[in-house]
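Here the structure comes first, spelled out in structure tokens, and everything after it is commentary.
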Amino acid sequence: MLIGNESSRSIANATDLSIRAIQNWIRKLEADQNIIPKKRGRAARNNIERKRELINAKLILINANNALTTIDIAELMPEEHKCSTTTIKRELKQMGYTRKRLKSIVVPRNSAQVIATRFMFCNHVSFLQNSDLVYIDETGFNLHDSRHYGYALLGSTPFVTVPTQRGRNISLICAISVTGCIGFKLKIGAFNTTSMHDWIEQDLRPVLSDRRYVVVMDNARFHHSSIVESAFRESNCTIQFLPPYSPQLNPIKEFFGVVKNLFKGIQPQPNNSQEMIRIITEILSGFTEYSFENYYSHMREWMLKGIQRNEFI
């Protein structure tokens, strides 16, 4: 093959290119094709900046409203950054964003007043030893309590049978220290000032007599009653009330979660209130000498956030 008076081989020798490369170019020239090589290498700077702007726009939308779907994001994107929902899903995944169950947070939880109250509580309690702190709270159980997840074949719905009636709620009042569950009482129906006072006098006071404890409770109305406060003072205890909207500062909440999970896993499930009381009593009795250091450590982590005036999510 010749170009003018030159052969492919002589051109290859002169240009230090392969004969095949020279022949490919000659064929393109004969076919009137463009032989200017395509640009390779890194993308132009304006393309990189555009992609960065695109990612930032998505992050701004998501951080402002976690409930947005990919369709919502696509509709809200500026006209110059429009893209498909598939692209949005891919880029969110690359950035480490996943779609999760939303957690509801009441508006006042992180108000300036609550953050200030939380700071004062955390600043005070942070100087106390774990062994000085006793936490008291209540929770409830009923016959419909069961696990929410189960296995089933693809296309089949997992289910669990429950009684037609929920039955009356069983209420639990409980006190924990860092060394375990130090007292509890179960009853049908809710606790009130009288029933809590009786429990303190009959069951809790002997346990609290060995040292001067700080009893920490939430702001349930009957916790503030004069006879309840008097019963603790007579037991040589002082009382600290949790700041509002701050369950993270109450390690007993984590303990209640463990107890409820154990209760939901009982087979066969109880079918009446007395059977429920018996089963819950057996579960709680297994925690009378049990280290709650982990629960208290988690509480301390949140306490540090309270001192730093961080929001509680």
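FYI, it's all coordinate maths here, none of it is from the lab. Remember, predicted model here, so these are calculated numbers, not experimental data. Reconstructed Cβ throughout: ideal geometry from the backbone, glycine too, with neighbour counts over all protein chains shown.
Values computed for the structure shown
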item: Positive minus negative residues near HIS197 (Lys, Arg vs Asp, Glu; Cβ under 12 Å); result: -3
item: Filter on LYS28/LYS93; LYS28/LYS89; LYS260/LYS305 - keep pairs with C-alpha separation over 32 Å; result: LYS28/LYS93; LYS28/LYS89
item: Compactness of segment 224-313 - radius of gyration and Dmax, Cα, Å; result: 17.1, 48
item: Largest-first principal axis extents of the Cα set of segment 247-296 (Å); result: 34, 23, 16
item: For peptides 173-186, 235-248, sequence by mean Cβ density within 10 Å, most packed first; result: 173-186, 235-248
item: Difference of contour (0.36 nm per residue) and Cα-Cα distance, ILE26 to TYR149; result: 37.4 nm
item: Neighbourhood charge, 11 Å Cβ-Cβ cut-off, centred on PRO247 and excluding it, Lys, Arg +1 and Asp, Glu -1; result: -1
item: Amide H contacts under 5 Å for PHE292, placed H, 5+ residues apart; result: THR179, GLY180
item: Summed residue charge, Cβ within 12 Å of MET217's Cβ, Lys/Arg positive, Asp/Glu negative; result: -3
